[in-house]
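Structure record follows, encoded as structure tokens.
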Amino acid sequence: MSSCFGDFDETLQAMHEGRRGTRELADVTGFEIPGVAVVYADPSIEVPYVQRAAEHLRRALGQTLSQLPPLDLQRTAVILCTGLGVTSGDEADPGVSWSSVEDVARAELGPDVDVYSITNACSASGMGLALGSDLLQTGAYDQVLLAAADSMTRAMLTMIGKVAAEPAQHCAPFEEKHVGAVLGEGAATCLLSLDDSWSGLERFAAVSAIECSSDANHPTAPDQQTIEETVHRAIARAGLTAGDLDFVVPHGTGTTLNDQCEIAVYSAMPDLTSRAVFLPLKGGLGHTSGASFLMSLLTGMAVTRGTPPPGYVPGTTIEGAGALRWRPDASWTPRRGLVCAYGFGGANAVGVIAA
């Protein structure tokens, strides 16, 4: 993983400490957008904004590939996920070359590797996980390298600026004071395999289920009924009940529509809310768009392996959120969790993970 805090270990530590990786927009991009004050960005990355997603992907891929033996590229697929799939024509910046995340993947793995691109808003890497599962289950490939990367772009920043009531200073999921999402940047990668000990390596964690839905109910607003159905299908596919889950990594964007919808979904599941600890991440990482699901998934997996959980606890919460558990007790031993992403246009992804 690569985030506003650095690599995977640095990110996990910063989140546990409850730090926020915010910086002034103009300091990162060199331009201003009405209604946008800050973004979440890594100060150690000093390339122009149109090259930042590629730089994050290069760092994340390097971490993953350094732990793997050489891959058989004839039997390996790469699934590359982004939120908008922005091209150089959309983000022209005179005198600065555009860095394609697909070019990075081919440079790191080889020019002939099969690359599948998924562009599906905030749930893109959840959809990528579902595609990867299908490719493995059908025997099309022996292993799948799942990758996701995003950074701030003029297109996305302008949209965020138009829907926010006022410029937000940080992302505040499930808080009364929230005024809208704040964009972040980052990348995440992992190797998917049906073999628990692929090439003699210990698995990091297991994906017990992944469920997706596309309801197209509204351009931006989530649909509670569809999300509820998707959550229940994922839990059932994993062979579990809601009361078996130890934690939830919610989508938690800090927007009124998303946060109220999510609280309604979870509050209708008393077996879940009476047991599970809720671990929102975007207060520290910002909204990393197409990379957000995979970053949440890997964080949740790390928690099942004993990594201290993220420390973001809402202050004064929105109605209904006060009844949820935001801090684990001393006896908490997380083994199973729910990971959620709900994108624009009703593109939803829900995964169940286990140690």
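Some observations on this one:
- Within the shell of other residues whose beta carbon sits under 13 angstrom from the beta carbon of residue 328, the net charge comes to +2, with Lys and Arg scored +1 and Asp and Glu -1.
- Using a Förster distance of 35 Å, the FRET efficiency for residue 236-residue 327 (Cβ separation, nearest 0.05): 0.75
- If the segment from residue 63 to residue 215 were pulled out straight at 0.36 nm per residue, it would be longer than the present Cα-Cα gap by 51.1 nm.
- ³J(HN,Hα) computed for each position of segment 45-61 - Karplus, 6.51 cos²θ - 1.76 cosθ + 1.60, integer Hz, glycine/proline x: 8, 10, 8, x, 4, 6, 10, 6, 4, 5, 5, 5, 5, 4, 5, 5, 4
- Calculated semi-axes √(5λ) of the Cα gyration tensor in Å (choose from [x] 69, 28, 15; [y] 27, 26, 18; [z] 40, 23, 20), label: [y]
- Among 70-81, 282-293, the order from most to least packed when residues are scored by Cβ within 10 Å on average: 282-293, 70-81
- Around residue 106: net Lys/Arg minus Asp/Glu count, Cβ-Cβ under 13 Å: -4
- CD proxy at 222 nm, helix term only [per DSSP H run n ≥ 4: -39500 (n - 2.57); per residue of the chain; nearest 500]: -9000 deg cm²/dmol
- Distance from segment 315-355 to segment 187-227 (C-alpha centre basis), Å: 15 Å
- When all protein chains stay in place and ligands, DNA and RNA are ignored, the 1.4 Å accessible-area order of 196, 114, largest first, is 196, 114.
- Ordering 122, 340, 182 by the projection of their Cα atoms onto the charge dipole of the chain, which places +1 on the Cβ of Lys and Arg and -1 on the Cβ of Asp and Glu, puts 340 at the extreme positive end.
- Each Lys and Arg Cβ is given +1 and each Asp and Glu Cβ -1; about its Cα centre, the chain then shows a dipole of about 560 debye.
- The peptide list 198-206, 53-61, put in order of mean Cβ contacts within 10 Å with the highest first, becomes 53-61, 198-206.
- Ranking 249, 157, 21 by Cα position along the charge dipole of the chain, where only Lys, Arg, Asp and Glu carry charges on their C-beta atoms, puts 249 farthest toward the positive end.
- Taken along the Cα-to-beta-carbon direction at a fixed 7 Å, the label points for residue 16 and residue 31 span 4.0 nm.
The values are calculated or read from the model by the stated rules, or taken from the named source; none is laboratory data. Just so it is clear, the structure is predicted and the values come from calculations on it, not from any experiment. Note that each Cβ is placed from the backbone with ideal geometry, even for glycine, and that neighbours are counted across all protein chains shown. Please note that ligands, DNA and RNA were not included when accessible areas were found on the heavy atoms of the full protein model with its side chains. Shrake-Rupley method; radii C 1.70, N 1.55, O 1.52, S 1.80 Å.
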